[in-house]
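To start, the structure itself, in structure tokens.
The values are calculated or read from the model by the stated rules, or taken from the named source; none is laboratory data. Predicted model only: the values in this text are computed from it and were never measured. Every residue, glycine as well, gets a Cβ built from its backbone with ideal geometry; the counts of neighbours run over all protein chains shown.
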């Protein structure tokens, strides 16, 4: 396939992933995307590999499967989000607040303060307005230029 | 990118000088702008230029947020 064909196919794959997240409430695997698109799993895996190289999503270690189609993580983390009638998981505070935004819904973020261990609860309106205990902040420990140097750490 | 109950708590947990602390209002605006189109048809990853422009627009204009 040409670069243009690949780009068009990758766009369809991204749309299938997004649709699956909305419909099923979770990030799909390669086989699910291939089934949804009624296409070959090898072609979808090749698309996933191109997207991994382009930092479109974070893969599972030693696999082309998705670990986080940010802001949606495939497994439980320290950041639980309740939104759109479902429970979701995010890798960080930025992503947790992004889940209601991506779903176009209100939501609640639940995590703990890394310093004192007390609960941090943030309510997010449909328009993105966030409400929590006064003084709540996010600490970013990696410069933006270095986010992808060790994305599992970031 | 952890959340803290206060800036004091965040500073206590700071491991080096490559750290920025942002308010909840700032990160909420950033998260919304960054992800609001994520599940829509035609979404694609931000280019570095687009990402930097977004950071600047939202007040993340410090050296820490440079991408190039």
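Surrounded by fewer than 21 Cβ atoms within 10 Å (Cβ to Cβ), under 23 Å from residue B:36 (Cβ atoms), in contact with a strand residue (DSSP E or B) (Cβ under 7 Å, 6 or more places away or on another chain) and assigned by TED's automatic domain parsing to the domain that holds residue A:126 - does that describe any residue in region A:85-96? There is at least one residue in region A:85-96 that is surrounded by fewer than 21 Cβ atoms within 10 Å (Cβ to Cβ), under 23 Å from residue B:36 (Cβ atoms), in contact with a strand residue (DSSP E or B) (Cβ under 7 Å, 6 or more places away or on another chain) and assigned by TED's automatic domain parsing to the domain that holds residue A:126.
Note on region A:1-39: residues that are over 24 Å from residue A:84 (Cα atoms) and away from chain B (no Cβ under 11 Å) amount to 15. Residues that are at the interface with chain B (Cβ under 9 Å from one of its Cβ atoms) and either assigned to a strand (DSSP E or B) or on the phi > 0 side of the Ramachandran plot (or both) within region A:92-118 comprise A:104, A:109, A:111, A:112, listed in sequence order. The residues in region A:136-146 that are surrounded by fewer than 19 Cβ atoms within 10 Å (Cβ to Cβ) and either under 28 Å from residue A:84 (Cβ atoms) or outside the structural domain of residue A:81 (by TED's automatic domain parsing) (or both) can be counted, and the count is 0. Selection of first residues in region A:45-67 that are in the same structural domain as residue A:35 (by TED's automatic domain parsing) and touching a residue at least 40 places away in the same chain (Cβ under 8 Å) and of second residues that are part of a loop (DSSP other than H, G, I, E, B) and surrounded by fewer than 19 Cβ atoms within 10 Å (Cβ to Cβ), restricted to Cβ pairs under 6 Å at least 6 apart or on distinct chains, gives the following pairs, ordered by first then second residue: A:55/A:148; A:56/B:45; A:58/A:151.
Would it be correct to say that residue B:18 is facing chain A (nearest Cβ under 8 Å), more than 30 Å from residue A:8 (Cα to Cα), touching a residue at least 12 places away in the same chain (Cβ under 8 Å) and surrounded by fewer than 17 Cβ atoms within 10 Å (Cβ to Cβ)? So that I can check it myself, show each step before the final result.
Working: facing chain A (nearest Cβ under 8 Å): yes; more than 30 Å from residue A:8 (Cα to Cα): yes; touching a residue at least 12 places away in the same chain (Cβ under 8 Å): yes; surrounded by fewer than 17 Cβ atoms within 10 Å (Cβ to Cβ): yes.
Against the criterion (facing chain A (nearest Cβ under 8 Å), more than 30 Å from residue A:8 (Cα to Cα), touching a residue at least 12 places away in the same chain (Cβ under 8 Å) and surrounded by fewer than 17 Cβ atoms within 10 Å (Cβ to Cβ)), residue B:18 qualifies.
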